[in-house]
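What follows is a short report on a single structure.
Bear in mind these aren't lab numbers, they're just calculated from the coordinates by the rules spelled out. What you see is a predicted model; the values in this text were computed from it and never measured. For neighbour counting, all protein chains shown are included, and Cβ atoms are generated from backbone atoms with ideal geometry for every residue, glycine included.
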Amino acid sequence: MNRDTGIKSIVLVLGMALILMACSEGGGSSDRVVERQGESAPADTEKAAVELTLAHGWTGEAAMAKAFEPAVERYAQEHDYITLNVETAPGNGIRDKIVTEMAANDPPDVFLHWGVRETERYITNGKIADLTDLIADDPELNGLYSANAYGSATYRGRIYALPIQENMMTFLVNTKMFEEYGVDIPETFDELKEAVRTFEENGLIPFAANGGTPRAMLLSLVDQLYGDDLRERLIGNQPFDDRLAQAAGYVKELVELGAFPEGMETLSTLQALELFNAGMSPMYFQHSWTLGSVAEDLFEHVEVIPFPKLSEAGDAYMTSAAGYFVYLSQHAYEDESKREAAWELVKYLAGPEVGKDLEVISGNPSPIVWDRNADMHPMLAKALKLRDSGTVKTFADHNELLSAEASKRYNDLVTKLYLNEINPEEYAKLFEEAILDYPNPAFE
């Protein structure tokens with residue numbers, strides 16, 4: 001397969017993916033009332049009728065939709081005193097929807113969103129309820145989540161959401177393709193570069209990637225170079241040194257070797273995955289929420305491995321920490337007719353029943369502590385086996401420790417880095433300036 005033929009095939013594969021996404025997403029946000037059908041659970045006559053609004057982005061082609069949307073419908077069926085209005089906006093569209101509704105002072109009662117990096121403005125403006133005391137007073141939540149699961153939902157020592165998703169970066173390799181081209185599974189960065197060279201010379205796109213892939217790699221490389229000293233630097237308490245530029249230089253090496261598809265900055269995460277599913281790329285490194293969208297016919301050939309180490313003696317790292325949450329609006333909290341029902345909905349969505357469905361059906365990791373010997377999505381099982389093996393260290397996505405503005409600049413700088421608009425030294429200088437100029441107020 002030559003490179004020109006490969007590019008034509010990419011266009012065909014991604015064109016088909018766009019059509020499928022358009023069909024599944026329905027073209028944008030939607031609002032609906034979840035209606036009860038057939039026999040429902042006996043009415044709880046002690047509870048007064050209440051109307052709640054839930055907003056989320058787990059709809060359309062997102063793998064999480066396969067578990068989450070039926071779980072929402074099930075909840076409505078089992079709680080016939082609640083009229084549940086569901087508002088959806090696929091993917092990142094939920095961010096814009098929440099911005100609009102908060103600005104109009106008409107927030108949903110319950111909604112899914114990222115951590116306080118994204119919601120800090122709503123917290124400081126009194127739009128989101130402080131859940132600290134509710135959590136402390138609720139025995140059902142005691143020991144329910146993994147260590148530090150509230151970390152990215154904590155603002156100045158107070159907790160503002162319950163965790164629903166563990167964010168991991170997972171490195172997938174198609175072992176069948178590695179065998180076909182006589183390439184060893186890489187354990188070191190030098191071996192990774194050699195694998196990239198071999199696949200590129202054979203007309204393949206080494207990594208099924210979009211703009212998030214170089215950032216995922218940079219996370220691991222910086223984690224390896226700084227280890228336990230990293231957190232204080234990301235929140236601006238300690239300066240970086242030349243290791244930050246060194247990590248950026250490693251990413252540039254992969255760009256120059258032809259590791260990524262041309263125009264990857266224009267691809268969505270699931271569009272990039274289609275290159276892996278179609279057998280056009282032997283490697284894929286991205287968010288774990290995409291595990292549920294890996295093609296089933298690849299399951300037996302795909303392994304989840306650590307991102308290669310810079311040295312054989314060094315530690316392997318895996319990005320892993322709770323990063324997506326369920327929030328309760330201050331408006332719903334202050335409304336005595338809604339507070340209890342809204343809080344119960346928050347706990348249900350971030351609870352064991354939905355968490356297990358997300359893992360088993362959608363392959364989406366939950367921060368809930370539970371017996372994972374049960375049957376679950378095969379790709380997620382492989383990722384969790386690696387994470388819990390003791391062979392990798394874990395650290396949160398660096399974005400979770402940055403302010404919203406510093407995070408935006410960080411992501412923009414990574415894009416400029418792989419597009420050759422800045423060099424590694426400029427990247428390091430500008431990133432550290434962003435941290436210092438826009439500190440995360442959650443840690444003040």
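Gain on full extension, evaluated as 0.36 nm per residue between Asp335 and Lys408 minus their Cα-Cα distance, stands at 22.8 nm. Scoring 262-273, 307-318 by mean Cβ neighbours within 10 Å over their residues and listing the highest first yields 262-273, 307-318. A simple spin-label model places the labels of Asn105 and Ala49 2.8 nm from each other, with each point 7 Å out along Cα-to-Cβ. The alpha carbon centroids of the stretch 377-404 and the stretch 43-102 are separated by 27 Å. Between Phe443 and Glu253, the distance separating the two model label sites (each 7 Å from Cα on the Cα→Cβ line) works out to 2.8 nm.
Each of the peptides 211-224, 238-251 was scored by the mean count of other Cβ atoms within 10 Å over its residues; in descending order, highest first, they stand as 211-224, 238-251. In a Gaussian network model over the chain where Cα atoms closer than 10 Å are linked, find which of Ser288, Ser337, Ser362 has the largest mean-square fluctuation. So, out of Ser288, Ser337, Ser362, the one fluctuating most is Ser337. If you build a Gaussian network model of the chain, linking Cα atoms that sit under 10 Å apart, which residue out of Pro282, Pro108, Pro70 swings the most? For the chain, modelled as a Gaussian network with Cα springs under 10 Å, the answer is Pro70. Treating each Cα of the stretch 275-342 as one equal point scatterer and applying the Debye formula with no solvent, the log10 of I(q)/I(0) at q = 0.17, 0.28, 0.29 Å⁻¹ comes out as -0.78, -1.23, -1.25.
Think of the stretch 264-409 as a dipole: +1 on every Lys or Arg Cβ, -1 on every Asp or Glu Cβ, centred on the Cα centre; then among Leu273, Met318, Gly363, Met318 lies furthest on the positive end.
Label point of Asp190 set 7 angstrom out along Cα-Cβ; within the stretch 292-332, amide nitrogens under 17 Å from it belong to 308-315. P(r) tail for the stretch 352-444, what percent of Cα pairs lie past 19 Å? Considering the stretch 352-444, 59 percent of its Cα-Cα pairs are separated by more than 19 Å. With 10 Å bins from zero, work out the P(r) of the chain over every alpha carbon pair and list the percent per bin. Over the chain, the share of Cα pairs per 10 Å bin runs 4, 20, 31, 26, 13, 4, 1, 0 percent.
The modelled label-to-label distance between Lys176 and Glu73, using points 7 Å beyond Cα along the C-beta direction, is 3.3 nm.
Annotation: the antiparallel percentage among DSSP beta bridges lying fully within the chain is about 65.
Determine the alpha carbon to alpha carbon distance for each of Lys176/Lys382; Lys382/Lys416; Lys193/Lys393 and list only those over 27 Å. Distance filter (> 27 Å) returns Lys382/Lys416.
Structural descriptor for the stretch 100-207: relative contact order 17 percent, calculated from alpha carbon pairs under 8 angstrom and at least 6 residues apart.
In a fully extended conformation the segment linking Asp31 and Glu425 would gain 137.1 nm over its present Cα-Cα distance, using 0.36 nm per residue.
What are the semi-axes of the equivalent ellipsoid for the stretch 155-271, taken as the square roots of 5 times the Cα gyration tensor eigenvalues, largest first, in whole Å? Before the final figure, lay out the partial values.
Values: eigenvalues 187, 70, 39 Å².
So the three semi-axes of the stretch 155-271 are 31, 19, 14 Å.
Under the convention that each Lys and Arg Cβ holds +1 and each Asp and Glu Cβ holds -1, the size of the dipole of the chain around its Cα centre is about 460 debye.
Of all alpha-carbon pairs in the stretch 88-154, indicate the percentage at a distance above 17 angstrom. Walk me through the numbers on the way to the answer.
Working: 1100 of 2211 pairs.
Every Cα pair in the stretch 88-154 considered, those over 17 Å come to 50 percent.
Taking packing as the residue-averaged number of other Cβ atoms within 10 angstrom, the listed peptides 426-432, 95-101, 398-404 run from highest to lowest as 398-404, 426-432, 95-101. For His301 and Ser389, the FRET efficiency from 1/(1 + (r/R0)^6), where r spans their Cβ atoms and R0 equals 25 Å, is about 0.75. A cut-off of 5 Å between modelled amide H atoms, ignoring neighbours fewer than 5 places along the same chain, links Ala55 with Glu87, Val110, Phe111, Leu112.
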